[in-house]
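To start, the structure under review is shown below, and the notes come after it.
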Amino acid sequence: MAARADRQVSHRSFVSYIDKSREYYSASGFDQPYCWAAFDEVPFSPHTKPLAECNVAVVTTTFLHHHDSAHGAPATGKQVYAHPVADVPDRMFTSDLSWDKQATHTDDTESFLPLKALQQLADNGTIGSLNHRFFGVPTEYSQRKTGLDADQIATWCAQDGVDIALLVPL
């Protein structure tokens, strides 16, 4: 891309997450730079079914709030999970995840777990249905664990006849 005539472009105008991650790992003393996951094949395919006929499921990276996650302590025993949409939690455990806690909050569960909005879309016929359960993949920083969790979510989606999995990371 050519530089605009009225200014000289000497630096990127965006933050390169990959470069920043490599610099962080290097500055932290790691011998090898971070190795990004890469896949020769991906399981995505174009949709052949109208959206108004699709069963839509939500996948979140937040964790169900429970007794040992009080006061911001890390929740123990985090595992991939399925939870009934009919029993939407009032809040989720998010305090151990990386997000700007000074600038925002996670008090509005619907902002990252949009089950009510999707149910309204199902009610007005925009989507076929909201799946009877949503899925959680608590944030793990392991490619191996992420792959195993993805396999479990795919199995549950197949069991439920999910056509679209809406990924809503925090």
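The values are calculated or read from the model by the stated rules, or taken from the named source; none is laboratory data. Remember, predicted model here, so these are calculated numbers, not experimental data. In this analysis, Cβ positions are derived from the backbone assuming ideal geometry, glycine residues included, and neighbour counts consider all displayed protein chains. Heavy atoms of the whole protein, side chains included, go into the accessibility calculation; ligands, DNA and RNA do not. Shrake-Rupley method; radii C 1.70, N 1.55, O 1.52, S 1.80 Å.
Could you pull out the residue among VAL88, VAL58, VAL42 that is modelled with pLDDT of 80 or more, open to solvent by 50 Å² or more (accessible area, probe 1.4 Å), under 28 Å from THR155 (Cβ atoms) and of a type in the set (A, V, I, L, M)?
VAL88
Let's see how each residue does on (1) at pLDDT below 80; (2) assigned to a loop (DSSP other than H, G, I, E, B); (3) open to solvent by less than 100 Å² (accessible area, probe 1.4 Å):
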{"position": "MET1", "(1), (2), (3)": "yes, yes, no"}
{"position": "ARG4", "(1), (2), (3)": "yes, yes, no"}
{"position": "SER10", "(1), (2), (3)": "yes, yes, yes"}
{"position": "ASP19", "(1), (2), (3)": "no, no, yes"}
{"position": "ARG22", "(1), (2), (3)": "no, no, no"}
{"position": "GLY29", "(1), (2), (3)": "no, yes, yes"}
{"position": "PRO33", "(1), (2), (3)": "yes, yes, yes"}
{"position": "THR48", "(1), (2), (3)": "no, yes, no"}
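Return the residue satisfying two criteria in turn: it lies in the range 109-125 and is open to solvent by 30 Å² or more (accessible area, probe 1.4 Å) and hydrophobic (A, V, I, L, M, F, W, C), and of such residues it is farthest from PRO138 (Cα to Cα).
Looking at the filtered set, the residue picked out is LEU121.
Inside the range 118-166, can you point out the residues that are assigned to a helix (DSSP H, G or I) and more than 17 Å from the chain's Cα centre (by Cα)?
GLN119, GLN120, LEU121, ALA122, ASP123, THR155, ALA158, GLN159, ASP160
Between residues in the range 31-43 that are in contact (Cβ under 8 Å) with a residue 12 or more places away in the chain and residues that are among the acidic types (Asp, Glu) and exposed (fewer than 10 other Cβ atoms within 10 Å of the Cβ), which pairs lie under 6 Å by C-beta distance while being six or more apart or on different chains?
Close Cβ pairs satisfying both conditions: none exist.
Could you list all residues from the range 126-164 that are under 15 Å from ALA57 (Cα atoms), surrounded by 15 or more Cβ atoms within 10 Å (Cβ to Cβ) and of a type in the set (Val, Ile, Thr)?
ILE127, VAL137, ILE153, VAL162, ILE164
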